[in-house]
Amino acid sequence: MKSILRVFASGVVTAGVAGLLMTGCKSAPDLSKDNAASLIQSHYDSQPPAGVTITVDKKGLQQGLTAGYWKLTKIYPKQQGWADYTVTDEGKKAFKLQSGGDVIEWRPGADGEYHFLVTTLTATTMRAKDVSDPQNEHLADAKTAKSVKYTESVNLTGVPQPLQDIAHNAGNKLSSKKQADLAYEDGAWKVHGII
């Protein structure tokens, strides 16, 4: 009689496990590269837009002069290379100085190197590009997860062309490699985190 009860109990447990596997554990739908890219871009688009900070070096200083963004207003004869530049009305329509005010105090060192920062008035969100195929990932707080590697890039759409040109000079980092962790939660794939 004990062996019949063991066989019966074993059958009930087996049937229960099989039932859970067939009904209780629904697998997540496939996550394509295009879907992952859309999820990441939607995440970026949901963030508040912000101006782009641009480093302006010696070459950028000349480009800004040519574009009419600032004009030379003072030279310091005793300090080689030192000068003050005042931001023009045209410049004020395109950016603000990170240091505040409207005077650029150009103070290069003995090596002639110097830079300052401007922030565009055009506000944008980051862009995701070159997204890799999703790979299985293990996250402590998600049952089903994938990760993708991609390039996060600065969006210069709407930024005036002279500032875009300055942004492409040395000293500016317009893109970086990132990884997005995506989790299947509440019946949908979602961005879980970006590192």
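The values are calculated or read from the model by the stated rules, or taken from the named source; none is laboratory data. As the structure is a computational prediction, the values presented were derived from the model and not from experiment. No Cβ is skipped: glycine too gets one built from the backbone with ideal geometry, and neighbour counts run over all protein chains shown. Keep in mind that these areas ignore ligands, DNA and RNA; they rest on the heavy atoms of the full protein, side chains included. Shrake-Rupley method; radii C 1.70, N 1.55, O 1.52, S 1.80 Å.
Results for (1) open to solvent by 20 Å² or more (accessible area, probe 1.4 Å); (2) closer than 12 Å to residue 52 by Cβ; (3) among the aromatic types (Phe, Trp, Tyr); (4) touching a residue at least 12 places away in the same chain (Cβ under 8 Å), shown as yes or no for each residue.
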{"position": "132", "(1), (2), (3), (4)": "yes, no, no, yes"}
{"position": "138", "(1), (2), (3), (4)": "yes, no, no, no"}
{"position": "149", "(1), (2), (3), (4)": "yes, no, no, yes"}
{"position": "154", "(1), (2), (3), (4)": "yes, yes, no, yes"}
### Message
For the range 57-88, give me each residue that is touching a strand residue (DSSP E or B) at 6+ places or on another chain (Cβ under 8 Å) and among the aliphatic types (A, V, I, L, M).
### Response
61, 65, 72, 75, 83, 87
### Task
Examine the range 38-55 for a residue that is farther than 30 Å from residue 148 by Cα, among the aliphatic types (A, V, I, L, M) and outside any loop (DSSP other than H, G, I, E, B), and state whether such a residue exists.
no
### Query
What about residue 158, is it under 20 Å from residue 175 (Cα atoms), open to solvent by less than 90 Å² (accessible area, probe 1.4 Å) and of a type outside the set (Lys, Arg)?
yes
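Conditions tested, residue by residue: (1) of a type in the set (Ser, Thr, Tyr); (2) touching a residue at least 24 places away in the same chain (Cβ under 8 Å).
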position: 40; (1), (2): no, yes
position: 75; (1), (2): no, no
position: 88; (1), (2): yes, no
position: 94; (1), (2): no, yes
position: 110; (1), (2): no, no
### Query
Across the range 172-192, what is the number of residues that are open to solvent by less than 50 Å² (accessible area, probe 1.4 Å) and free of Cβ contacts under 8 Å to residues at least 40 places away in the same chain?
4
### Message
Looking at the range 171-195 only, could you name the residues that are more than 17 Å from the chain's Cα centre (by Cα) and part of a loop (DSSP other than H, G, I, E, B)?
### Response
171, 186, 187
### Query
Looking at 50, 37, 67, which is the one that is in contact with a Lys or Arg (Cβ under 9 Å, 6 or more places away or on another chain), of a type in the set (Gly, Ala, Ser) and more than 14 Å from residue 116 (Cβ to Cβ)?
37
### Task
State all residues of the range 87-115 that are open to solvent by less than 30 Å² (accessible area, probe 1.4 Å) and more than 15 Å from residue 163 (Cα to Cα); if no residue qualifies, say none.
104, 106, 108, 112
## Note on the structure
Exactly one of 89, 84 is charged (D, E, K, R) and under 27 Å from residue 156 (Cα atoms), and that residue is 89
#### Entry: Test: residue in the range 120-127 that is open to solvent by less than 40 Å² (accessible area, probe 1.4 Å), at pLDDT below 95, farther than 26 Å from residue 29 by Cβ and not in a helix (DSSP H, G or I)
no
### Message
Checking residue 32 against (1) modelled with pLDDT of 90 or more; (2) surrounded by 14 or more Cβ atoms within 10 Å (Cβ to Cβ), only one condition comes out false. Which one?
### Response
(2)
